[in-house]
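Trainee: Handing you this structure, nothing more for now.
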Amino acid sequence: MTAIFSVLVLVGLGAFLFQVSGQHPEKAWQAYLVNFILWSAIAQGGLLFSVVLHVTKARWGRPLQGLAESFAAFFPISFVLFLLLFPGRTFVFPWLGGDLHGKEGWLTIPFLFSRDAAGLLILYGLGFGYLYYGLKLKRGFRDASERTKEEWHHRMTIIAVLYIMAYALVLSLLAFDLVMSADPQWISTLFGPYAFVKAFYMGLGALIIVAALVRIHHRETASLTSSHFHDLGKLFFAFCLLWADFFYCQFLVIWYGNLPEETSYIIQRTMTLPWSRLAWVVFFLSFVIPFVILLNKQVKTRPRFMIGLCSLVFVGIWLEHFLLLGPALCPGADSLPMGMTDVLITLGFLGLMAMAVRFALARFPELLPVQRQEVK
Amino acid sequence: MAAEKKVMALFENDTRAASAIEGLAGSPWKLEQVHSPIPSSKILSVLKVKKSRVGYFTLAGGIIGFLSGISLAMYSGIQWNLVTSGKPVIALIPFLIVGFEFTVLFAVFGNVLGFLLQTNLPEFKSLQDYDERCSGEHFGILASCAEGQQEALLAFFQEKGGEARFL
Amino acid sequence: MPAMTYAQVEETVLKTLRPASLKYWAVVSLLFIGILIGAGCWAYQIAMGIGVGGHNIPVVWGTYLINFVFWVGIAHSGTLISAILYLFRAGWRNPIARAAETMTVFAVCIAGLFPFIHLGRVWMVYYMLPYPNERNLWPNFQSPLVFDVVAISTYLTVSSLFWYTGMLPDLATVRDRASGLRKKIYQIASLGWTGRYEQWRHYTRAYLFFAALATPLVISVHSVVSWDFALGIIPGWHSTIFAPYFVAGAIHSGLAMVLTLMIPLRRIFRYEAIITEDILDNIAKTIIFTGLIVGYAYMVEYFLAWYSHNIVEQESFRWRAFGDYSLQFWIMVICNSVVPLLFFFRKVRRSIPWLFFISLLINIGMWFERFVIIIGGAAHDFMPNAWGLYSPSLIEYAIMLGSFSLFFFLFLLFVKHLPSISMTELKEGIHQGGGHGR
């Protein structure tokens, strides 16, 4: 398995380097940025599932929490990938060197990189702290007294609350800095929540895929029942609706106000070719199809089907990230600037995520919801 | 048909009531009604009831609601062609909200209508064959039998742990 | 949940329905006087014109709109507790669901009065109905104000039907323990419910659909109310975050009002064993969450007002914090986002006086939030020579007093004549240590 993932990573890396050294390096960096944001969001949103269940003291999803925590293994990779955005800054930040009408204090490379890196460090640090105490509790540690275990649990709760607050703030910050700033004249106050709700939507989808794979692979020993999948499916459906609702909130307000400084962003992406076609594809893949299918109760409990559905949604959201950034990074494009390299680079990122999750589940088998033979 | 006699038995918990129902199934006596203060999954599974059809009424209501909402908004716009700040007179984007609210409203009407039709409420005649303790702590089973068998039926219920009496 | 028996549950709740004391009727009469004062002032306003309120150019929306949004907001957390927490199978909602839902129904009723109150010519309000008429006037369904009409009427209807249907089994219980005229009244009210298995079968299904339909309603109704402001282009109003911000704020104020109502209720009716301190603790924790969302919205609005470098936007937000209404602004910020942080401390969450006091502060803060948004937006928009101030008149204060009196009047009547705790849901909870059977 790891061999396949390494091959994917190498393919992705190769495609990236090939594109970067060619005539259109901006395409490589575009794909890199889109993928960085998407896969980091999946990891951040994935861990959020476990954190939220812990804070609300919910018991229904206990076996799933370990799987959700394994996504945190992507955090160090994500951080390095963020720092590696630096060489591509001229391609990734279209406002570099332009007249920013006063925003220069905020949109400068040193300030942007330092504040975003600091935010990521805080968020990922909290994530690791949560994981650390979680693993300590899972491992049992017979020599630890009840009091110590309570203390760990208490610390986990504090860290969990801080993670939730950091999640909202850091993901909003990243959304403003990496996506919204690409069109410096445009603002939307809901953009931050839009990004972090999207990230949770993605995290849930990824969790469903991983849980389904565990169920298929481990069959009888997996402690995942169909009611877990049913509940996860319902949550996924709910966040599909919430994501679409946040999109609509922005769209309605901007459409109704009809202010040119706001509408140009929307018109470019949803009403003019070539991007409007992409917008409809995103709408169908990530909203209409999951909405209609998930109304049915039975389908949520079929692991293989859900893997297919969630993957489709992922493709849709990948395209959505591309849609948000595209008109700003490739202004004046006549046709959609997508090609084979985008696919290959995405596969590379997929390989990285898969390797991270695999590593976590292998190194910390307590995270895997499988009944083990040994008595703890 | 021989005159029917009715016996009402009260049980303290639903497990005993469920076993009594199972016992009645193979007997010559007829099960008329089961009353309970709370919905009991044990009793419902023993009675092998089908899923309720209220949902179809709700769905029908929702669809009618959505179509009515959008049509009302469109009709209203066509009748009084008020162009406001350059927006089209028939605009789906704001009309979706009207459609959505009407969907929920009519779905709820469908829900209530379905509920009332399926449960046959309001209806006061059956309060005669009813024991008031069934809304309190007891699960009541009403059974009927032919003339002459009521003692046997009474004994059957008492053996199952219930408190039985003639109606 | 402490192991109570069905009989104990019934006894505790049915005891509250016994004939009331003189003190009760004295309070009810006092509230009725408050209602009369409000109604009288409204009649005066209809006769003399809307100018007897403080509205004028440029602030055309004053306390009537503030109260409208305030009461709709309070209504939302009732539906959150009764519908959304039901879908999440959170058993702790059972003891407070009935009272919360009642709060919703009454709050929406009162909110629904204010659009009528703030109309100058109330007798022409039927113009808003979509029916063929000689004037060929039809409502413009693109307007957020018309969305409001549709949304609020839907919310009122759905909440009332949800509330009533949910009460049927309990009304049957009250009927079966009553006698004489009371029995007859409850017999009709309970529609002849006998707890037959077919009735339960359809009831549980219908209840699930009610909850599933009420959930998107909570989000959509207050989003529609927020769009009354956000769809306009006034700086400080035209902001995409308004819909989720208002919904979170609504739940924030509603949960605070739940605490304000539940704490005296459990004391007076001796519900301490049923509405436990754990439940109040859970409400307090949820308030932290909604308070953080509201705080986030304040921060993001300020940040993006600066980031946009739009001078009108920047001036609008500067004035809010440091201008003529800065006191109201700081009350808002501190009461809504800072004070709820005290709930992070267990001692505060477990102290009844603190819970009550903080719940009052939050509601004051949320009222002032609507003040800052509505008055602040209208008073200080694009053109400096169009700026103006506003202060509510005595008539407006009196009508506000009338609305608060009406709410508590209705709620007091409810607690003495209808079961204020859902006995059926409590019994189910005892039966299987959880919520409704699934």
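Trainee: How large is the Kirkwood hydrodynamic radius of the range A:292-376, in angstrom, based on all distinct alpha carbon pairs? Provide the component values of the computation, followed by the final result.
Mentor: On the way: mean 1/r = 0.0599 Å⁻¹.
Kirkwood hydrodynamic radius for the range A:292-376: 16.7 Å.
Trainee: Students often forget the sequence filter, so: which aspartates and glutamates lie under 16 Å Cα-Cα from C:Lys427 once same-chain residues fewer than 8 apart are removed?
Mentor: Of all the aspartates and glutamates, those that pass the test against C:Lys427 - Cα under 16 Å, at least 8 places apart if same chain - are B:Glu12, B:Asp14, B:Glu137, C:Glu10, C:Glu11, C:Asp170.
Trainee: Hey, what do the phi angles of the range B:25-37 turn into as Karplus ³J(HN,Hα) couplings, whole Hz, using 6.51/-1.76/1.60 and θ = phi - 60°, x for Gly and Pro?
Mentor: Taking θ as phi minus 60°, the curve returns 4, x, 9, x, 8, 10, 7, 8, 8, 10, 10, 8, x Hz for the range B:25-37.
Trainee: Which loop GluC sites (Glu not before Pro) in the range A:297-376, with loop taken from DSSP, have no more than 12 other Cβ atoms within 10 angstrom of their Cβ?
Mentor: Working: sites: A:Glu320, A:Glu366, A:Glu374; in loops: A:Glu374.
Passing both the DSSP loop test and the Cβ count: A:Glu374.
Trainee: What residues from the range C:404-418 fall in the zone where the backbone N is under 12 Å from a label point 7 Å along the Cα-to-C-beta line of C:Ala20?
Mentor: C:408-418
Trainee: Once you've got the GNM for chain C with C-alpha springs shorter than 10 Å, pick whichever of C:Ala214, C:Ala206, C:Ala248 has the biggest mean-square fluctuation.
Mentor: C:Ala206
Trainee: A:Leu309: net charge of surrounding residues, Cβ under 12 Å, Lys/Arg +1, Asp/Glu -1, itself excluded?
Mentor: +3
Trainee: Considering every residue in C:207-215, what mean count of other chain Cβ atoms within 10 Å of its Cβ is obtained? Display every interim value, and only then the final one.
Mentor: Values: counts 4, 5, 15, 6, 0, 3, 10, 2, 3.
Neighbouring Cβ atoms belonging to other protein chains average 5 per residue here.
Trainee: Next question, about the same structure. Arranged from highest to lowest average of other beta-carbon atoms within 10 Å per residue, in what order do the peptides A:38-49, C:152-163 appear?
Mentor: Most protected by this proxy first, the peptides run A:38-49, C:152-163.
Trainee: Give me A:Arg139, B:Arg16 ranked fewest to most by other Cβ atoms within 10 Å of their Cβ, as a rough exposure proxy.
Mentor: With the sparsest Cβ surroundings first, the list reads A:Arg139, B:Arg16.
Trainee: So how far apart, in nm, are the two label points at A:Val11 and A:Ile158 if each is 7 Å from Cα heading toward Cβ?
Mentor: 4.7
Trainee: Shielding of C:146-157 by partners, i.e. mean partner chain Cβ atoms within 10 Å per residue?
Mentor: That average works out to 4.
Trainee: Also, quick follow-up: Report, in degrees rounded to the nearest 10, the 0 to 90 angle that the Cα long axis of helix C:180-189 makes with the longest principal axis of chain C.
Mentor: 60
Trainee: Chain C: D in µm²/s via Stokes-Einstein (Kirkwood Rh, Cα pairs, 10 °C, 1.306 mPa s)?
Mentor: Estimated diffusion coefficient is 69 µm²/s.
Trainee: Select from chain A the helices, each a whole stretch of DSSP H, whose alpha-carbon atoms run 20 Å or more along the helix axis and whose Kyte-Doolittle mean is at least 1.6; answer none if there are none. Could the numbers behind the result be given before it?
Mentor: On the way: long enough: A:2-20 (27 Å, 2.25); A:25-55 (44 Å, 0.95); A:109-138 (42 Å, 0.87); A:146-174 (40 Å, 0.50); A:191-218 (40 Å, 1.31); A:226-257 (46 Å, 0.88); A:303-329 (38 Å, 1.53); A:340-363 (34 Å, 1.49).
The qualifying helices are A:2-20.
Trainee: Alpha carbons only, please: Rg and Dmax for the range B:1-114, in angstrom.
Mentor: 25.6, 80
Trainee: Right, something else. A:Lys234: which lysines have alpha carbons under 25 Å from its alpha carbon, excluding same-chain residues fewer than 8 sequence positions away?
Mentor: A:Lys57, A:Lys198, A:Lys297, A:Lys300, B:Lys50, B:Lys51, C:Lys285
Trainee: For B:Ser41, C:Ser179, A:Ser70, which order do you get if you count the other beta carbons within 10 Å of each Cβ and list the fewest first?
Mentor: Ranked by crowding around the Cβ, least crowded first: C:Ser179, B:Ser41, A:Ser70.
Trainee: Sticking with this one: For the Cα atoms of chain C, what angle does the longest principal axis make with the long axis of helix C:6-15, in degrees from 0 to 90, nearest 10?
Mentor: 60
Trainee: Within a Cβ distance under 13 Å of B:Ser27, other residues only, what is the Lys/Arg minus Asp/Glu net charge?
Mentor: Here the charged neighbours net out to 0.
Trainee: Please list B:146-156, B:77-87 highest first by mean number of surrounding beta-carbon atoms within 10 Å per residue.
Mentor: B:146-156, B:77-87
Trainee: Once phi is turned into ³J(HN,Hα) by the Karplus curve 6.51 cos²θ - 1.76 cosθ + 1.60 with θ = phi - 60°, what whole-Hz value does each residue of the range A:183-190 show in order, with x for glycine and proline?
Mentor: Listing the rounded values in order: 10, x, 7, 9, 9, 8, 5, 8 Hz.
Trainee: Let me ask something else about it. Quick one: Debye curve from the C-alpha atoms of the range A:217-353, no solvent, what's log10 I(q)/I(0) at q = 0.13 Å⁻¹?
Mentor: Here the Debye-derived log intensity ratios amount to -0.70.
Trainee: Helix C:423-432: angle to the longest alpha-carbon principal axis of chain C, degrees 0 to 90, nearest 10?
Mentor: Long axis of C:423-432 versus the principal axis of chain C: about 70 degrees.
Trainee: Another one. Within 10 Å of each Cβ of B:79-92, how many other protein chain Cβ atoms are there on average? Show your work: numbers first, answer last.
Mentor: Numbers: counts 5, 6, 1, 6, 1, 5, 5, 1, 4, 1, 2, 1, 4, 0.
Across the residues of B:79-92, the mean count of other-chain Cβ atoms within 10 Å is 3.
Trainee: Could you give me the ³J(HN,Hα) list for the range C:106-122, computed from phi with Karplus coefficients 6.51, -1.76, 1.60 and θ = phi - 60°, whole Hz, x at Gly and Pro?
Mentor: 5, 5, 5, 4, 5, 4, x, 6, 5, x, 6, 5, 8, 7, x, 10, 4
Trainee: Something else now. Arrange the following residues from fewest to most other Cβ atoms within 10 Å of their Cβ: C:Thr204, C:Thr63.
Mentor: Going from least to most buried by this count: C:Thr204, C:Thr63.
Trainee: At a threshold of 8 angstrom on Cα-Cα distance, excluding pairs fewer than six apart, so keeping six or more, what relative contact order does chain B reach in percent? Working shown, then result.
Mentor: Details: 229 pairs, mean separation 84.8, N = 167.
The normalised contact order for chain B reaches 51 percent.
Trainee: Taking the alpha carbon gyration tensor of the range C:117-166, what are the square roots of 5 times its eigenvalues, largest first, to the nearest whole Å?
Mentor: 26, 13, 11
Trainee: Please list log₁₀ I(q)/I(0) at q = 0.14, 0.16, 0.18, 0.24 Å⁻¹ for the range A:138-207, using the Debye equation with identical point scatterers on the alpha-carbon positions.
Mentor: -0.61, -0.70, -0.78, -1.01
Trainee: When every alpha-carbon pair in the range A:15-130 is counted, what percent end up more than 26 Å apart?
Mentor: 36
Trainee: What is the dipole size for the range A:236-376, taken about its Cα centre, with +1 at each Lys and Arg Cβ and -1 at each Asp and Glu Cβ, in debye to the nearest 20? Write out the running numbers ahead of the final one.
Mentor: Working: 10 positive and 8 negative charges, 167 e Å.
Dipole magnitude for the range A:236-376 comes out near 800 debye.
Trainee: Sorted from largest down, give the three principal axis spans of the alpha carbons of the protein assembly as shown, whole angstrom values.
Mentor: 101, 83, 58
Trainee: Taking the range C:257-325 as the region of interest, what is the percent of Cα-Cα pairs per 5 angstrom bin, listed from the shortest bin to the one with the maximum distance?
Mentor: Going out from 0 Å in 5 Å bins, the range C:257-325 shows 3, 14, 16, 13, 10, 8, 9, 9, 8, 6, 3, 1 percent.
Trainee: Give me D for the range B:54-119 in µm² s⁻¹, whole number, from Stokes-Einstein with Rh from the Kirkwood sum over alpha-carbon pairs, 37 °C and 0.692 mPa s.
Mentor: Translational D for this selection: 260 µm²/s.
Trainee: For the protein assembly as shown, what is the charge dipole size about the Cα centre, in debye to the nearest 20, if Lys and Arg each add +1 at the Cβ and Asp and Glu each add -1 at the Cβ?
Mentor: 2280
Trainee: Something else about it: Using a cut-off of 13 Å between beta-carbons, work out the net charge of the residues near A:Tyr32 (Lys and Arg +1, Asp and Glu -1, A:Tyr32 not included).
Mentor: Working: positive: A:Lys27, A:Arg89; negative: A:Glu26, A:Asp342.
Spelling it out: positives minus negatives among the neighbours equals 0.
Trainee: Which lysines have a Cα lying under 28 Å from the Cα of C:Lys23, excluding residues fewer than 8 positions away in the same chain?
Mentor: C:Lys15, C:Lys183, C:Lys184, C:Lys416
Trainee: Moving to a separate point now. If R₀ is 56 angstrom, what is the calculated FRET efficiency for the pair B:Ile78 and C:Val27, using the beta carbon separation as r and rounding to 0.05?
Mentor: The pair B:Ile78/C:Val27 has a calculated efficiency of 0.55.
Read-outs: derived from the displayed coordinates by stated rules, not from any lab. Model, not experiment: these values are computed from the prediction. No Cβ is skipped: glycine too gets one built from the backbone with ideal geometry, and neighbour counts run over all protein chains shown.
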